[in-house]
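Presented below is the structure to which this report refers.
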Amino acid sequence: MIQPAIIDFDVFRDEGLHADAHARLAELREASPPVVWTPRNGGHWVVFDREALETVLTDTDRFSSSRLSVSPDAPSVPMIPLSLDPPAHAPYRNLLLSHLGPKEVRKLEPFVRAWAERLIAPLASRTSCEFIGDVAAPLPVSVFMDMMGLPLERRDEFRGYALTAISSGDDAARGAAHQQIVMALAQLIGERRASPKDDLISALVFDEIDGRPLADHELMSICFLLFLAGLDTVTNAMAFGMRHLAGDPDLQARIRADRSQIPAMVERLLKLYTFVNTVRVATGDTELAGTPVKAGDALMCVLWTGSVAQEGARHMAFGFGPHTCLGMHLARLELKALYETWLDTIGSVALAPDQTFAMHGGNVMGLKRLDLVLS
Ligand code: HEM
């Protein structure tokens, strides 16, 4: 066993993360052993090493998903299937896969594309935009709200709750945002039970698990997770990806000349800018990469360092192991539709000069704004 190394790292408030999340993580990884302890947010491990990440994310007996935030005081709302370990996890995962698998998602393509066109078309006549407010935030949220049957007029309000619930360093603010989401979903579930529509919540109301319908608390938990998992992640992927594209005119020329390169570009950008830090908790005293870990210790898995560890290796943007993202087919479709529609509509794009890139940390890291010059 080796003596645990300690760093002073607050994943919510670290100034380096707020200035440039990936550069800061690179700096920390460079200076730290594979697994280090930080006393911040109640004290937790930070896992940087690809092999250690694979172990934590696949060895569900030793590392449980039951705790979703490093902070012990964080509101703990159960999220099915994310916070379940095997064997309880699989039936719910299979149920959701029947709605979010590749075949189901392919059916959504025309409607995702229509949203992309609707949001990007107004930019054709403009010379600049703030990409997150204009496209990256409303596009996935609109798709998602439609798919779930949430009222579109409350789009910005719901996105605000999701953002606070994931990224705020203030436990009380996170708790209040959770409450707002639960209230909105409870109302919607009640409405759909009484009068079903053609949306995902109505379908879930009639789904069965082990031969019985989902109980109200299960339905709420699933919807709550979909809400948090599906709103802000795609926005961040779009923002990081577009920032890269805007800074790389050669890449713009290449995908314009050959659109079949877009899916590979999407994967490359997800790898380069992986932005989720996911959490596990040790089920007993154990060791990881030679470091002693105690029962109940939380571990923050920095997926970005896992993604960029080896050139040829599969990225970890969507996680690794049994909880690998169930929304990845939808996310990929949205990203592809974004870039294709962008090429159809916008000539070329560049980064507005002199901007600093403010970011937020937390379980899901993201850019706050992105100013672009269009021509
Ligand atoms: C680019 C966009 C996205 C990224 C980067 C992303 C990332 C992730 C990651 C890293 C995990 C694994 C977390 C863990 O192991 O603890 C995950 C799980 C999950 N994601 Fe995503 N996600 C994205 C979009 C979506 C969307 C659009 C949806 C919903 C439609 C979604 C639904 C889920 C669900 C339900 C899980 C839990 C899976 C399970 O526990 O078996 N995600 N996501």
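Taken together, the values in this text are just the output of simple stated rules run on the coordinates, not laboratory data. No experiment lies behind these values; they were computed from the predicted model shown. Note: ideal-geometry Cβ built from the backbone for every residue, glycine included; neighbour counts use all protein chains shown.
Label-to-label distance for D171 and R314 is 3.7 nm, based on points extended 7 Å past Cα in the beta-carbon direction. Close amide H pairs (under 5 Å, H built 1.01 Å from N) link S128 with L374, residues at least 5 positions away or on another chain. Computed over the chain, relative contact order equals 29 percent, with contacts defined as Cα pairs under 8 Å that lie 6+ residues apart. Which of the three applies to the chain, rounded, prolate or oblate, going by the alpha-carbon gyration tensor with a ≥ b ≥ c and a/c under 1.5 meaning rounded? Judged from the Cα gyration tensor, the chain comes out oblate (a/c at least 1.5, b/c at or above a/b). So which of K107/K336; K336/K368; K271/K336 end up more than 19 Å apart, counting from Cα to Cα? Over 19 Å Cα-Cα: K336/K368.
Contour minus end-to-end for T324 and D210, with contour as 0.36 nm per residue of separation and end-to-end as the Cα-Cα distance?
Length gained, T324 through D210: 38.8 nm.
Annotation for region 133-201: trypsin sites (Lys or Arg not before Pro) lying in DSSP loop with at most 13 further Cβ atoms inside 10 Å of their Cβ are K197. Between S375 and R256, the modelled label-to-label distance comes to 1.1 nm, taking each label 7 Å out from Cα in the direction of the beta carbon. Summarising the strand pairing of the chain, around 85 percent of its internal DSSP beta bridges are antiparallel. Computed with the Debye formula from one identical point scatterer per Cα of region 146-190, without solvent, the log10 of I(q)/I(0) at q = 0.26 Å⁻¹ comes to -0.94. Extension gain, D285-D59: 0.36 nm per intervening residue step, less the Cα-Cα distance, totals 80.0 nm.
List every DSSP H helix in the chain whose Cα atoms extend 20 Å or more along the helix's own long axis and whose mean Kyte-Doolittle hydropathy is at least 0.5.
Helices passing the filter in the chain: 216-246.
Working from label points 7 Å from Cα in the Cα-to-Cβ sense, the S66 to R268 distance is 4.4 nm.
Using a Förster radius of 25 Å, what is the FRET efficiency between K107 and E130 based on their Cβ-Cβ separation? Nearest 0.05, please.
Efficiency for this residue pair is about 0.20.
What FRET efficiency, computed as 1/(1 + (r/R0)^6) with R0 = 45 Å and r the Cβ-Cβ distance, is obtained for M183 and D354, rounded to the nearest 0.05? Step by step, r from the Cβ atoms, then E = 0.60. Only Cα pairs within less than 10 Å get springs; with that Gaussian network setup on the chain, which residue of V205, V46, V364 has the largest fluctuation? Of V205, V46, V364, the Gaussian network model singles out V205 as fluctuating most.
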